[in-house]
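Presented below is the structure to which this report refers.
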Amino acid sequence: MSDALLDVSDLRVHFPLRRATPFAPKRTVKAVDGVSFALAKGRTFGIVGESGSGKTTTALAVMRLTEITSGAVRLGDESLSALEGEALRRARRRVQMIFQDPYSSLNPRMRAGAIVAEPMELMQVGTETECRERAQELFAQVGLRSDQLQLFPHQFSGGQRQRIGIARALATKPELVVCDEPVSALDVAIQAQILNLLVKLQEEYGLAYLFISHDLGVVQYLCDEVAVMYLGRMVEQAPREALFGNPLHPYTWALLSAVPRVGRRRRDGAARLRLEGDPPSPISPPPGCRFSSRCPYAEARCKAEEPVLREVRPGHRVACHLVREDGTAPLRPATL
Amino acid sequence: MSGPLLEVEGLKVEFDTWDGRVRVLDGVSLSVSPGETLGIVGESGCGKSMTALAVMGLVPKPAGHVTGGAIRYRGEDLVKASDGRMRDLRGNRIAMIFQEPMTSLNPVFTVGDQIAETARLHLGLSPAEARKRAVEMLRAVHIPEAERRVAEYPHQFSGGMRQRVMIAMALACEPEVLIADEPTTALDVTVQAQIFDLLEELRAAEGTAIVLITHDMGATAEMADRVVVMYAGRKVEEGPVDAILGNPAHPYTQGLLACRPNLQLGHAAARPQLHEIPGVVPPLHLLGRGCAFADRCPRAMPRCGEAFPPAYDVGESHAAACWLLEEARAA
Ligand SMILES: Nc1ncnc2c1ncn2[C@@H]1O[C@H](COP(=O)(O)OP(=O)(O)OP(=O)(O)O)[C@@H](O)[C@H]1O
Ligand SMILES: Nc1ncnc2c1ncn2[C@@H]1O[C@H](COP(=O)(O)OP(=O)(O)OP(=O)(O)O)[C@@H](O)[C@H]1O
Ligand code: SF4
Ligand SMILES: [Mg+2]
Ligand SMILES: [Mg+2]
């Protein structure tokens, strides 16, 4: 896709594991193992999946904060994955990140105003006065008062600290903001405040978000397009309406089915797709389809042959042998 | 059975802190009957865990004190019970699953030893019987290869499995009341669903009374018969789950329900407006005389800041503490 702001193609991030003995076989964690997606300006791309599926590693690779084993990350016409040194530093202005933990991601010894101004200084945008003015402006943008610029992180509540994190991310006027579980550590009521803030800022600045979360309700609320990851791969990827309205992959069904919902009672034996066990280790994923060891529909072919991610409807990609060429999944339970 | 198994009435808990004495629980009342699930919801710091700890006789000492009210288990007031009696009840008749499983499992003993020890102490089993019971319990909570895994240490288990081990431990002595304090907070949704299935299985099969503490309205909707909504150390609303979800009377409950982006299956249309509760929970030492929610409440009136509203009945076993309800009644 040429009009994409972010274009990730066949991204792999493998972590070599230390061997127990010099003669032990070499082992690697294939944290991200062939991930491709594109994100247009002003849009939000969501990644969901269980713990350990590779969401954070994907985000860190996009940020160039972890070493990329292979594949390409392009930002507009720049190849982020190939840049080094000064060129990388300049390109980095265009991408910023918001972290899950508003407590540990802020330097406790710095004042809030300085925290927000820091990225501008590091990337040498503007004079000192300009930085200070911009910090003030950002504070107002994220709903903090300018008299709070002088306070230290511990003097803020969790939600306010996340607002500082957001202000800091916006300091260099990025085009893309990578959000890794930005509301997971926050109380429900505060989550809504931050989600609404993210929507407002996106509309104002035309930001693109790469939004990572394990909360499907939040992802549905915020994202235009959603990818479901399992053990380092994307198993399904679709526009929001298609993913929630016509999910095709059994793992997506299981995720959707597991979310507690108002209007459904467990003791009425509400039909739901249950998964046994935990995801297998990414060091030795099962042969064939990686989901086959937990998939209630797995057939012999699933354990032998890995299904490829293929486009079955416009923009709707899925990796499952049981999805037909016409983009239907005959085995999907009537209710999830 | 008739009547509640556990009844908390007008519970007050205070702490000595740098800011002076703060009242962490102020007149909390609730009850749970055999085979019933009571949900407790509310934002962080509203006193959910403290309520559970008070029932278990585990209010942190010496800073914390139960300064009023009663906690009755089968009619016996636990506030007045001796430490020995509480130890006896804890784990035996009333068990608790804690928010963070790793802190309540001992890293130096195998999982099997820990479950067996509980079973031995509380049920008076022989060491051999207790070991057998440990394997059975691991199987009951769906841990694969229970015979092998019984000899492993807590760090060899995943988060979800550890939480299941905690449940196995809590169940080893067949408690009548099980308090589950955010039992799935750190877990994946698929694993969370397994844990909830397990709790529901237990309730249905053994008639266990369950108190489920969570901030997730969806989980409450699926699991609970009745719901208690807490705010700043007080109960602000209580009722049958359908009434609380379908017809919430307190503005805080209404806000809690509206601020969650609920998952919608089917072709969801455009992004809906997400309601916000403005501001944050006030620090307890700064609470005034009025309704604690007043400064965040979209419908607050002058009198809300002046006195704490009493509970008004708004339906069958459904009550809420809000001045609007008196206005509605007067009108
Ligand atoms: N530096 C590293 N060295 C070795 N393994 C790693 C490293 N970083 C991540 N991993 C492994 O890679 C896999 C993917 O991890 P990642 O943090 O990307 O998952 P995630 O989807 O973000 O999970 P969570 O929902 O728990 O945040 C995991 O198995 C993890 O243990
Ligand atoms: N040791 C202590 N000393 C003083 N105050 C305490 C102590 N322990 C808890 N508190 C206070 O008691 C109140 C209730 O805390 P509690 O842990 O019951 O909240 P909670 O509803 O369980 O919150 P969460 O959802 O975060 O678990 C909080 O305001 C907390 O700050
Ligand atoms: S390919 Fe087979 S194992 Fe994999 S998800 Fe589809 S049905 Fe299940
Ligand atoms: Mg992560
Ligand atoms: Mg708690």
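The values are calculated or read from the model by the stated rules, or taken from the named source; none is laboratory data. The structure displayed is predicted, hence computed values, not measured ones. Here the Cβ positions follow ideal geometry from the backbone for every residue, glycine too, while neighbour counts run over all protein chains shown. These area figures cover heavy atoms from the full protein model, side chains too; ligands, DNA and RNA do not enter into them. Shrake-Rupley method; radii C 1.70, N 1.55, O 1.52, S 1.80 Å.
May I ask you to verify whether residue A:50 is of a type in the set (D, E, K, R), open to solvent by less than 20 Å² (accessible area, probe 1.4 Å) and not in a helix (DSSP H, G or I)?
Yes.
Spot the failing condition for residue B:215; the list is (1) modelled with pLDDT under 90; (2) over 18 Å from the mean Cα position of the chain (by Cα), and only one is missed.
(2)
Out of the stretch A:143-170, which residues are aliphatic (A, V, I, L, M) and in contact (Cβ under 8 Å) with a residue 60 or more places away in the chain?
Those that are aliphatic (A, V, I, L, M) and in contact (Cβ under 8 Å) with a residue 60 or more places away in the chain: A:164, A:166, A:169, A:170.
Could you pull out every one of the helices (runs of 4 or more DSSP H) wholly within the stretch B:71-156 that has 3 or more residues that are among the basic types (Lys, Arg) and touching a Lys or Arg at 6+ places or on another chain (Cβ under 9 Å)?
Once the helices (runs of 4 or more DSSP H) in the stretch B:71-156 are filtered for at least 3 residues that are among the basic types (Lys, Arg) and touching a Lys or Arg at 6+ places or on another chain (Cβ under 9 Å), nothing remains.
Can you tell which of B:67, B:51 is open to solvent by 10 Å² or more (accessible area, probe 1.4 Å) and at pLDDT 95 or above?
Criteria check complete, one pass: B:67.
When you scan the stretch A:91-114, how many residues do you find that are open to solvent by 50 Å² or more (accessible area, probe 1.4 Å) and free of Cβ contacts under 8 Å to residues at least 24 places away in the same chain?
1
Out of all the residues in the stretch B:198-226, which are buried (at least 20 other Cβ atoms within 10 Å of the Cβ), facing chain A (nearest Cβ under 10 Å) and not hydrophobic (A, V, I, L, M, F, W, C)?
Listed by number, the residues that qualify are B:203, B:214, B:215, B:216, B:220, B:222.
Given the conditions (1) within 16 Å of ligand 4 (Cβ to nearest atom); (2) more than 12 Å from chain A (Cβ to nearest Cβ), report the number of the one that residue B:170 does not fulfil.
Checking residue B:170 against (1) within 16 Å of ligand 4 (Cβ to nearest atom); (2) more than 12 Å from chain A (Cβ to nearest Cβ), the one that fails is (1).
When the stretch A:266-313 is examined, which residues are found to be more than 14 Å from chain B (Cβ to nearest Cβ), at pLDDT below 85 and under 22 Å from residue A:333 (Cβ atoms)?
Listed by number, the list is empty, since nothing qualifies.
When the residues of the stretch B:160-186 are narrowed to those that are among the aliphatic types (A, V, I, L, M) and over 13 Å from residue B:96 (Cβ atoms), which ends up nearest to ligand 3 (Cβ to nearest atom)?
So the residue we want is B:161.
So is residue B:26 more than 8 Å from ligand 2 (Cβ to nearest atom) and buried (at least 20 other Cβ atoms within 10 Å of the Cβ) or not?
yes
Looking at (1) surrounded by fewer than 20 Cβ atoms within 10 Å (Cβ to Cβ); (2) part of a loop (DSSP other than H, G, I, E, B); (3) within 16 Å of ligand 5 (Cβ to nearest atom), which is the one condition that is false for residue B:46?
For residue B:46, the failing item is (1).
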